[in-house]
């Protein structure tokens, strides 16, 4: 039998195995580790937000779609199926030198909630973001992508920030 440490190492390697993630569709990636949250807004409305944790980089994730239109269609369909106001994709991946990286993608078909969240994240500063340019063929005005500079922050830290952003009165963008 494997020791507990050997088993942990094997499971960790399999979890991040690009071959597994390479076989998944865009929707499969969104479903693997997905959680929903219902947050109140400053106006007292409820917003249902989906947050998917994906273990490949955002470029590999968006390239699962043929182009920007297919990416938007896939994300829109997922949001409609789950009745979401918007979707957040949080990636975490390891480089060959064992460095952990995190990225964030915000998607909203209509409305400014995600833009408001990004402004709030920037102002709040515990989860600093750096704009990430997606491949030119996959850029869309409804998709905002970022490198997450605080690599220790997971969904447990991001979800409360999103909640705080939504309850803060909206400033004109």
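The residue of region 127-173 that is nearest to residue 94 (Cα to Cα), among those that are free of Cβ contacts under 8 Å to residues at least 12 places away in the same chain and in a loop (DSSP other than H, G, I, E, B), is 152. Taken over region 28-77, the residue count meeting the criterion of being in a loop (DSSP other than H, G, I, E, B), touching a strand residue (DSSP E or B) at 6+ places or on another chain (Cβ under 9 Å) and either at pLDDT 95 or above or buried (at least 17 other Cβ atoms within 10 Å of the Cβ) (or both) is 4.
Residues in region 78-125 that are in a helix (DSSP H, G or I) and touching a residue at least 12 places away in the same chain (Cβ under 8 Å): 12 in all.
Among the residues of this structure, residue 2 counts as one that is over 25 Å from residue 70 (Cβ atoms) and either without any contact (Cβ under 8 Å) to a residue 24 or more places away in the chain or touching a helix residue (DSSP H, G or I) at 6+ places or on another chain (Cβ under 7 Å) (or both). Residues considered: 96, 69, 85. Of these, the only one that is more than 17 Å from residue 140 (Cβ to Cβ) and out of contact with any helix residue (DSSP H, G or I) (no Cβ under 9 Å at 6 or more places or on another chain) is 96.
In region 78-89, the residue that is farthest from the chain's Cα centre (by Cα) out of those that are surrounded by fewer than 22 Cβ atoms within 10 Å (Cβ to Cβ) and farther than 14 Å from residue 47 by Cα is 81.
Filter region 16-27 down to the residues that are in a helix (DSSP H, G or I) and surrounded by 12 or more Cβ atoms within 10 Å (Cβ to Cβ) and list them by number. Matches in region 16-27: 18, 20, 21, 26, 27. Scan region 142-153 and give yes if some residue there is surrounded by 14 or more Cβ atoms within 10 Å (Cβ to Cβ), more than 24 Å from residue 81 (Cβ to Cβ), modelled with pLDDT of 95 or more and touching a helix residue (DSSP H, G or I) at 6+ places or on another chain (Cβ under 8 Å), otherwise no. Yes, region 142-153 contains at least one residue that is surrounded by 14 or more Cβ atoms within 10 Å (Cβ to Cβ), more than 24 Å from residue 81 (Cβ to Cβ), modelled with pLDDT of 95 or more and touching a helix residue (DSSP H, G or I) at 6+ places or on another chain (Cβ under 8 Å).
The values are calculated or read from the model by the stated rules, or taken from the named source; none is laboratory data. Quick caveat: nothing in here was measured; it's all calculated off a predicted structure. Positions of Cβ are generated from backbone atoms using ideal geometry, with glycine treated the same way; all protein chains shown enter the neighbour counts.
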